[in-house]
1. In segment A:178-224, what count of residues is obtained for those that are over 25 Å from B:Met349 (Cβ atoms) and crowded, with 24+ Cβ neighbours inside 10 Å?
2. With respect to A:Ser354, is the statement that it is in contact with a Cys (Cβ under 7 Å, 6 or more places away or on another chain) and within 11 Å of chain B (Cβ to nearest Cβ) true?
3. Given the conditions (1) open to solvent by less than 30 Å² (accessible area, probe 1.4 Å); (2) within 14 Å of ligand 1 (Cβ to nearest atom); (3) in contact (Cβ under 8 Å) with a residue 40 or more places away in the chain, which single one is not true for A:Ser256?
4. Given the criterion free of Cβ contacts under 8 Å to residues at least 40 places away in the same chain and either away from ligand 2 (no atom under 16 Å from the Cβ) or not β-branched (Val, Ile, Thr) (or both), identify the matching residue among A:Asp133, A:Asp159, A:Asp124.
5. Can you find a residue that is within 12 Å of ligand 2 (Cβ to nearest atom), outside any strand (DSSP E or B) and within 18 Å of B:Lys414 (Cα to Cα) anywhere in segment B:272-294?
6. Take A:Gly318 and tell me if it is touching a Leu at 6+ places or on another chain (Cβ under 8 Å), open to solvent by less than 20 Å² (accessible area, probe 1.4 Å) and away from ligand 1 (no atom under 16 Å from the Cβ).
7. Name the residue, out of B:Lys313, B:Lys303, that is away from ligand 2 (no atom under 13 Å from the Cβ) and within 12 Å of another protein chain (Cβ to nearest Cβ).
2 protein chains.
Amino acid sequence: MRENDCNSNPVFYYAIRTITMSGEDAPAQQQKAEDQKQETKTTEQPKAESKQESQPATEAPAASATATAAEKPPEEEVFTYRSLVLSGHGGYDKVKLQVKKGKPTPKNGEVLVRVKACGLNFADLMGRQGLYDRLPSPPVTPGMECSGVIEAVGEEVTDRKVGDRVLVLHRFGMWQEVVTVIAGHTFLMPEGMSFEEAAALPVNYVTAYMMLFEFGNLRPNQSVLVHMAAGGVGIAATQLCHTVKDVTVFGTASASKHEAISQGGVTHPIDYRTRDYVEEVRKINPKGLDIALDPLGGSDTHKAFNLLKPMGKLITYGAANMLTGQRKNLLAVAKTWYNQFSINALSLMHANKSVCGYHLGHLDDEPELISQVVAKLLELYGQGKIKPRVDSTWHFEQVGDAMRRMQERNNIGKVILLPEPKKEEPKKEEDKKEEKKEEPKKEENKKEEKQEEPKKE
Amino acid sequence: MRENDCNSNPVFYYAIRTITMSGEDAPAQQQKAEDQKQETKTTEQPKAESKQESQPATEAPAASATATAAEKPPEEEVFTYRSLVLSGHGGYDKVKLQVKKGKPTPKNGEVLVRVKACGLNFADLMGRQGLYDRLPSPPVTPGMECSGVIEAVGEEVTDRKVGDRVLVLHRFGMWQEVVTVIAGHTFLMPEGMSFEEAAALPVNYVTAYMMLFEFGNLRPNQSVLVHMAAGGVGIAATQLCHTVKDVTVFGTASASKHEAISQGGVTHPIDYRTRDYVEEVRKINPKGLDIALDPLGGSDTHKAFNLLKPMGKLITYGAANMLTGQRKNLLAVAKTWYNQFSINALSLMHANKSVCGYHLGHLDDEPELISQVVAKLLELYGQGKIKPRVDSTWHFEQVGDAMRRMQERNNIGKVILLPEPKKEEPKKEEDKKEEKKEEPKKEENKKEEKQEEPKKE
Ligand SMILES: NC(=O)c1ccc[n+]([C@@H]2O[C@H](COP(=O)([O-])OP(=O)(O)OC[C@H]3O[C@@H](n4cnc5c(N)ncnc54)[C@H](OP(=O)(O)O)[C@@H]3O)[C@@H](O)[C@H]2O)c1
Ligand SMILES: NC(=O)c1ccc[n+]([C@@H]2O[C@H](COP(=O)([O-])OP(=O)(O)OC[C@H]3O[C@@H](n4cnc5c(N)ncnc54)[C@H](OP(=O)(O)O)[C@@H]3O)[C@@H](O)[C@H]2O)c1
């Protein structure tokens, strides 16, 4: 079965990946994604501080690459830029920092953006393991969102100009110092928004907004279940719930984050690791929920459906249960897939319920829809009703640790990547000790670096 | 498997009915519906004009029963009332007119209503064939809605009084001259509303409203597919669509009704009997629909799903395809059931679609929800934005012909039943000729009494 078949038969997607990739470190597939337009021929090894000369050109460990285009200019003036590249499916080390040569030129309708900040999404973790169908096969640059400044505009672009500060939403390829994208995929940043905030907004807030207001039809006095309530989408959903009067938010998260999410608007935080969240919800709302957002998949989708009141809506939008550990876990994938929720017309009718599926990655062909939603979000931002929460920022060199932070369930809010190279500060004695594990630039919550495996399901 | 199991496992419902009822005239089951409270011991044979003395007491043909409680009062003053009773599953003749004895007394929280008009619903046709799970087993009085005047109130009823004109929504049992119901199932009729309109409103408008506005989240500029657009729910849905700005309505109906539904607000009438409605919709809206209402079931549910745009919503609320002909057609039932739409979470996600199931009959436990919707509907009625269209009115004696009118696809709007006996007009020569087939009181569309079988699917 070919890639295309997988896409059109999503049911089989995960199963096929499971079968065709025998191990987590399956070799990078040859097929170059047709959409990836930047010239990548010259994957030149950046001048690294720590010398690791035996690394092949495409396999420079991210942590060691701190060279910039500005550093040591070559004799002819060659434009170079830093890019994160997924070299194959597997662990954190599969995302490599590369330096690419040759300035990308925006085509008709496109703009060139100098990237200031990028968002890390859960889908990037899935993609690294070969579990995300909207990311082309490696080698490929991940990243669905970024913010930056327009540096050049292609022909026929009338509504963007050099110098515009924009946020960008694109299927993949945004983890780069410069990117070319269709002008319609960029949105002007409002006054006072930081680049980090701008990079934290598109995926999480568009997703939360469309789920709650297009499918969910959220109205006053309703109750909503938000899983991963301290995560990117979770925080966006919580804030958006409170743009409607008297909405009750049930939010699941690891216990250490409860204070933060309560302050952020979660009415009833639930520690899903030590409690049965179904019971907890029923205790408080015996009749159930109006809306249940389901990013988990597998048996949790069934639980969400059963928790709905009559006329309630389940919105399924992820399969986080497939992800356990750094590398693909076939058992978790199979279990999630096997327990997948399925329903027929009559059962749905007799239950008076709605089941919706949401996938931003499959809304490529709906730029108008997305633009309308982004416009509304920027308005809400302007009114102070929503504000992305940045958990931590990491330089491209630190991408492995950034991913680890999310995957080990330590983030509260958005994890941001910065293309600019990490500045070498004069090393203090303490710093030297933990050379292997880099620390984020800001980090608010470093208490529990080593967490036990969660008790979900 | 018991009745209760069928209800809690709706998937099996139709299949079980199919298996347990070997023929369309399966004997009336003994189990008396617990909810049916009126005293029915004395199923006295009404004094019929045409003498058919060999009929058993419970099998008086509807057309022959024209006696009233007022006629020939017995020696002791016994209160009697006319009631339609489904005596067993099968053809039109299975609904019999009976006269019951003893005045029903409203219990705590109940009211006694003198019924002026009743609605005939598609579910009553299904119920007659044993295909509607919310109607208890025969003998039972069908009818989910009526209008009338309150004649007595039980204890603890504070918001209704004798003389109030009300419309009533109740699971079954409304095809009777007097009924007792929980006060909360009655709603005050607004000024200027006729009893016929009031009986035409509850089921069709509550259904259409909840589908379009609770699940469908209908908004300006959207497009909606309405099947059976000249029927009760279809006309209600069309009118409600036009309470929102610039909504496009695609409506399927038999060709003879197109003029009427165009005038009623259907933007694009489609004759589903001679055209492929999927193609017709695609021709006009290549990208598809925002909302598809599906009262048909089987393969039509799939068609509706496929016609949706991304972020589109399918609302399935019936299985009219099961009904072909006067008696249960096992093949049609099996085919509809076999082709039943079913979907899993991943497919739904990748499609960015919503599938909702709506069944008013399963919202018994949600009186508040229903009350809110009825209140909004009465407000819209007051503003002249909705107005039930009555197709025709029939006396209880004519219930068979009333059902035939709907089942043979001749109605435009609501078919209404009147408990009051048909007045004997002095017979003219013309009338005598068609004694067998009674004519409705008003009838706007008698051109095509004999229609060929539809080409649906
Ligand atoms: N369909 C779409 O268009 C779309 C778009 C965006 C995101 N999503 C989905 O939304 C969900 C949230 O995405 P996000 O980017 O905002 O990430 P996120 O919520 O920031 O993800 C990290 C957090 O999720 C929780 N978590 C639950 N199960 C986990 C697991 N198996 N592995 C690691 N962490 C887990 C952890 O917090 P706690 O332990 O505190 O709960 C962790 O801190 C994901 O399922 C993602 O696929 C879908
Ligand atoms: N789930 C719920 O809560 C709920 C509540 C109310 C109604 N409903 C459903 O909504 C639909 C409409 O109900 P309604 O009471 O308003 O009836 P209706 O539309 O007045 O039904 C009669 C009309 O339906 C059309 N039709 C299509 N297929 C048919 C078939 N197999 N047999 C006979 N007629 C057929 C015919 O018109 P054309 O040939 O002109 O199309 C006919 O004139 C039904 O499917 C019903 O079960 C569901």
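1. 3
2. yes
3. Against the list (1) open to solvent by less than 30 Å² (accessible area, probe 1.4 Å); (2) within 14 Å of ligand 1 (Cβ to nearest atom); (3) in contact (Cβ under 8 Å) with a residue 40 or more places away in the chain, A:Ser256 comes up short only on (1).
4. A:Asp159
5. No; the residues of segment B:272-294 include none that is within 12 Å of ligand 2 (Cβ to nearest atom), outside any strand (DSSP E or B) and within 18 Å of B:Lys414 (Cα to Cα).
6. no
7. Being away from ligand 2 (no atom under 13 Å from the Cβ) and within 12 Å of another protein chain (Cβ to nearest Cβ) holds for just one of B:Lys313, B:Lys303, which is B:Lys313.
So that you can scan it fast, the table gives a plain yes or no per residue for (1) open to solvent by 20 Å² or more (accessible area, probe 1.4 Å); (2) touching a strand residue (DSSP E or B) at 6+ places or on another chain (Cβ under 9 Å); (3) more than 16 Å from A:Gly361 (Cα to Cα):
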| residue | (1), (2), (3) |
| --- | --- |
| A:Leu97 | no, yes, yes |
| A:Gly102 | yes, yes, yes |
| A:Leu112 | no, yes, yes |
| A:Ala117 | no, yes, yes |
| A:Leu131 | no, no, no |
| A:Cys146 | no, yes, no |
| A:Val149 | yes, yes, yes |
| A:Val153 | yes, yes, yes |
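The values are calculated or read from the model by the stated rules, or taken from the named source; none is laboratory data. What you see is a predicted model; the values in this text were computed from it and never measured. Cβ coordinates were reconstructed from backbone atoms using ideal geometry, including for glycine residues, and neighbour counts include every protein chain displayed. All accessible areas refer to the heavy atoms of the entire protein, side chains included, with ligands and DNA or RNA removed. Shrake-Rupley method; radii C 1.70, N 1.55, O 1.52, S 1.80 Å.
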